[in-house]
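Input: a single structure, listed below in structure tokens.
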Amino acid sequence: MWKTAKRLWAVLIRPSAYFSLGFLTLGGFVAGLIFWGGFNTAVEFTNTEAFCTGCHEMRDNVYAELKPTIHFTNRSGVRAKCSDCHVPHNWTDKMARKMAASKEVWGKIFGTISTREKFQAKRLELAQREWTRFKSNDSLECRNCHSEKAMDFTRQSKRAAEAHERFLVSGEKTCIDYHKGIAHELPDMSAVSWENGSGRKAHAGLR
């Protein structure tokens, strides 16, 4: 095994007897473009709605819950797909999220949430994991579409405008602190503390 590896390394570092340096450089550049294009295409495919809902666990549970919400159908015709809320848009954070999500493949293989009953039993754990991620990145995915700088508080309800000006603009709170359950059903929160806005009332959303 070691001898084979050494022979392969020797081939790789040996000067070419048939191709010029320019040809090898150009060939490497073209190969890099092809690889990058293929890699980026594959990554972007995993961001599509078709990919996200390709398994029944997502299609029959969270995707079904998304359909009646304003994020799916609204007067302006703008729809948020799964990756808009669950995958960062900038490349570095996107790759980190993809690597972290790769362990979900094991959940699929071992049927962790293969039935509605299993999903419901894991719902609180799964939700809290996402809430923690949103909290840690200051609701980055929300802010990709919603900006307090672009909000017209005069067109919001009195309650929403007051909360946004007091908590969002000041940075005291972030979107997920008040908008849990806005796109998917809330898990059973009966065993969750009401402190620090973690109870059901804080999840009702601000209109």
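The values are calculated or read from the model by the stated rules, or taken from the named source; none is laboratory data. Quick caveat: nothing in here was measured; it's all calculated off a predicted structure. Cβ atoms come from the backbone with ideal geometry, glycine included; neighbour counts cover every protein chain shown.
State whether the residues of segment 15-35 include one that is of a type in the set (S, T, N, Q) and modelled with pLDDT of 90 or more. Please lay out each step first, then the result.
Our first condition is that a residue be of a type in the set (S, T, N, Q); within segment 15-35, this holds for 16, 20, 25.
Now drop any that are not modelled with pLDDT of 90 or more, which leaves none.
No, there is no match, as no residue in segment 15-35 is of a type in the set (S, T, N, Q) and modelled with pLDDT of 90 or more.
State the number of residues belonging to segment 124-181 that are surrounded by 14 or more Cβ atoms within 10 Å (Cβ to Cβ), under 25 Å from residue 65 (Cβ atoms) and among the small types (Gly, Ala, Ser).
Looking only at that region, the number is 5.
Go through segment 36-77 and report how many residues are closer than 21 Å to residue 106 by Cβ and not aromatic (Phe, Trp, Tyr).
15
Listed residues 50, 80; which is buried (at least 17 other Cβ atoms within 10 Å of the Cβ), modelled with pLDDT of 90 or more and under 16 Å from the mean Cα position of the chain (by Cα)? First the steps, then the outcome.
On the way: 50 fails: buried (at least 17 other Cβ atoms within 10 Å of the Cβ).
Result of the check over 50, 80: 80.
Can residue 157 be described as touching a residue at least 12 places away in the same chain (Cβ under 8 Å), among the hydroxyl-bearing types (Ser, Thr, Tyr) and in contact with a Cys (Cβ under 7 Å, 6 or more places away or on another chain)? Spell out the reasoning first.
Working: touching a residue at least 12 places away in the same chain (Cβ under 8 Å): yes; among the hydroxyl-bearing types (Ser, Thr, Tyr): yes; in contact with a Cys (Cβ under 7 Å, 6 or more places away or on another chain): no.
When the stated conditions are applied, residue 157 does not pass them.
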